[in-house]
Amino acid sequence: MISADGITSTDMDRCINDFSAQSRTVGALASQSQIQIAMEFSSPELPALQLVLLLALIPLLCLRYLRQDPKHQPRAGGLKAYPLLGTLPHFLKNQHRFLEWTSGVMKRDPAHTVSVKALGLTGVAITANPANVEHIVKTNFANYPKGELAVSMLEDFLGHGIFNSDADQWLWQRKAASYEFGNRSLRNLIVDAVRFEVVERLLPLLERAARDGRTPDLQDVLERFAFDSICRVAFGEDPGCLAEESMASPAQSAEFMRAFNDAQSAIMARFMSPVKSLWRLKRLLGMEPERRMREALGTIHGYADRIVRDRRERDDAVAGNDDFLSRFAAGGEHSDESLRDVVTNFLLAGRDTTSSALTWFFWLVSAHPDVEDRIVREIRAVRDSRQESTGATFSFDELREMHYLHAAITESMRLYPPVAMDTHGCKQDDILPDGTFVGKGWLITYSAYAMARMEDIWGKDCEEFKPERWLGEDGTFRPESPFKYPVFHAGPRMCLGKEMAYIQMKSVIACVFERFSFRFAGGERWPGLVLSLTLRMEGGLPMQVNRRSQTINATAICSVRYYHN
Ligand code: HEM
């Protein structure tokens, strides 16, 4: 049988089975937080006792559910809410296309928010409403930390690094990192690192691909590029992932890349599970994806530990190293473990965000020759206007003159934000500006991906790729409110690497587009979305690489709508 919401009775049975299986881990405690704790510590050796406790608990939980304040009802977003389960069955049914499905639901809801709260499970609210975003990340910042639950799910991967800490633990790292990011020498370090990687590795790789008629996976190439660059800037290391030899015999670098992707997928599975502590049981029993996570963590931590060890030894011998890690390590007050957290957190920040942004950018532009034409004209105009401009790369000032390119990158990230969804915890019961209730201990997520697709935020053409929306009449870049465009987050925890990311991305695109053009070689299909901590492209980005001729022919403006169903 299929209900009005497309839920079959088999789906319902599965959900109810899921739910009752999960509920068996619940101890005899009535409050939600106590239930959470009971879930954490329940063990498979105690099934009989748990069953008895559960039977005793069910009437209590039902009573609690029935006496719920109507103002505290979850926001169903137009979905059918089932007794005790609420809207959970819809979420479970659509987990495999979570981004696209939640965007559709929030688009239909007048406030662009939906929440799910099944009896005994952690509540989750998801919003695409700029007023709510402002409230969460700025106005009521103190009530929406990362929170214990989210921190516990990320802890084995990111430790207590800047991305995974709150209060004082976050504040000292924020202060230290802000100081470093404000330092002018960092900008030079970035420009130098990008220049090396572009000239020595990226351009030769594309030259070989064009010559041999190969179609490299640009997503993989860009991840390697970003990884080499961030290691150079942040740790003074060169893993050489994009070097010709590594590409030819990829054993070690490929292992690290796979480990990083596996770890992100496992983290995502933890967040997506309706029972937020189920992963602990899976880890205990060696079930997937936790089994693979364990292996991935071994690889990642092994690598990070080696960097820290080398750095300690090198810094003992050579004073005045310029990179980020050396500066953190210089004071001598940080343990090896906290330096390892610095390494993993910066690898995540620096590798996966810019590579995701560039992957979607090159794909979008390959379908918009008119945009590509304007970008190339701008690059050539900047090159021609400067007598001293030589070599393969561009200076910081030259990149700054490229307003159209800046707008095209910004527009591409609007439609495909590298951090598509961002989750925080809720400390105390609260009402969001749109009237949605968020309970203590719930998770609250804003979806930058969904926000791009709301007509009342971006206009009727919101689903089209239009860099012009970011330009003023004089052709200069015009920024938007970060609450409407939270691609770099906003408020006190706003991204610290935004400027660094733009320098890197503009530099790569300008150098590459001056010499090459790409055509998507993945057929007619649209690439699928892989929702990880960052937004990846399913199956990679195979591109045909062509050397660019001096003349550029713009074809008709494509007006493609970017809405995955
Ligand atoms: C296109 C590129 C990038 C995008 C879209 C981006 C986006 C974001 C977002 C959404 C956050 C908030 C995450 C959260 O809530 O935990 C964030 C935080 C942060 N980003 Fe970026 N980022 C980018 C590049 C970078 C780069 C290259 C670096 C430097 C290595 C960097 C460093 C950071 C740091 C240190 C934070 C933590 C801020 C805090 O919690 O106080 N980001 N970024």
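The values are calculated or read from the model by the stated rules, or taken from the named source; none is laboratory data. Since this is a predicted model, take the numbers as computed values, not measurements. Glycine also receives a Cβ, built like all others from the backbone with ideal geometry; neighbour counts cover every protein chain displayed.
Please count how many residues of the range 390-423 are of a type in the set (Gly, Ala, Ser) and more than 16 Å from the ligand (Cβ to nearest atom).
Counting residues in the range 390-423 that are of a type in the set (Gly, Ala, Ser) and more than 16 Å from the ligand (Cβ to nearest atom) gives 3.
Output the residue which, of all residues in the range 333-369 that are in a helix (DSSP H, G or I) and of a type in the set (D, E, K, R), is farthest from Arg525 (Cα to Cα).
Once the filter is applied, the top-ranked residue is Asp336.
Confirm whether Lys466 is within 14 Å of the ligand (Cβ to nearest atom) and of a type in the set (Lys, Arg).
When the stated conditions are applied, Lys466 does not pass them.
Take the range 466-492 and flag every residue that is basic (Lys, Arg) and assigned to a loop (DSSP other than H, G, I, E, B).
Lys466, Arg478, Lys484
Within the range 493-503, how many residues are assigned to a helix (DSSP H, G or I) and near the ligand (Cβ under 7 Å from one of its atoms)?
Residues flagged as assigned to a helix (DSSP H, G or I) and near the ligand (Cβ under 7 Å from one of its atoms) within the range 493-503 amount to 4.
Please specify each residue of the range 93-128 satisfying the condition of being surrounded by fewer than 21 Cβ atoms within 10 Å (Cβ to Cβ) and among the hydrophobic types (A, V, I, L, M, F, W, C).
Of everything in the range 93-128, those that are surrounded by fewer than 21 Cβ atoms within 10 Å (Cβ to Cβ) and among the hydrophobic types (A, V, I, L, M, F, W, C) turn out to be Phe98, Leu99, Trp101, Ala111, Leu119.
Just the residues that are touching a strand residue (DSSP E or B) at 6+ places or on another chain (Cβ under 6 Å) and of a type outside the set (S, T, N, Q), please, taken from the range 509-528.
Of everything in the range 509-528, those that are touching a strand residue (DSSP E or B) at 6+ places or on another chain (Cβ under 6 Å) and of a type outside the set (S, T, N, Q) turn out to be Phe516, Phe518, Arg519, Ala521, Gly522, Pro527.
Here are Lys440, Lys484, Lys460: which of them is in contact with a Pro (Cβ under 7 Å, 6 or more places away or on another chain), away from the ligand (no atom under 13 Å from the Cβ) and of a type outside the set (Phe, Trp, Tyr)?
Only one candidate passes the filter, namely Lys484.
Could you list, in sequence order, the residues of the range 405-453 that are hydrophobic (A, V, I, L, M, F, W, C), within 25 Å of Arg374 (Cα to Cα) and under 16 Å from the mean Cα position of the chain (by Cα)?
Once the filter is applied, which keeps residues that are hydrophobic (A, V, I, L, M, F, W, C), within 25 Å of Arg374 (Cα to Cα) and under 16 Å from the mean Cα position of the chain (by Cα), the range 405-453 yields Met413, Leu415, Ala452.
Residue by residue through the range 223-264, note down the ones that are more than 16 Å from the ligand (Cβ to nearest atom), at pLDDT below 85 and not hydrophobic (A, V, I, L, M, F, W, C).
Across the range 223-264, the qualifying residues are Glu244, Glu245, Ser246, Ser249, Pro250, Gln252, Ser253, Glu255.
Determine whether Arg525 is more than 16 Å from the ligand (Cβ to nearest atom), at negative phi, surrounded by fewer than 19 Cβ atoms within 10 Å (Cβ to Cβ) and at pLDDT below 95.
yes
When you look at Val508, is it within 16 Å of the ligand (Cβ to nearest atom) and assigned to a helix (DSSP H, G or I), yes or no?
Yes; evaluated as a whole, the condition is true for this residue.
Given the conditions (1) part of a helix (DSSP H, G or I); (2) surrounded by fewer than 20 Cβ atoms within 10 Å (Cβ to Cβ); (3) of a type in the set (D, E, K, R), and given that Glu372 satisfies all but one, which numbered condition is not satisfied?
All conditions pass for Glu372, except number (2).
Name the helices (runs of 4 or more DSSP H) wholly inside the range 115-203 in which the number of residues that are under 26 Å from Asp262 (Cα atoms), within 12 Å of the ligand (Cβ to nearest atom) and of a type in the set (D, E, K, R) is 1 or more.
none
Only residues that are near the ligand (Cβ under 9 Å from one of its atoms) and not aromatic (Phe, Trp, Tyr): list them for the range 326-347, please.
Hits for the range 326-347 are Asn345, Leu347.
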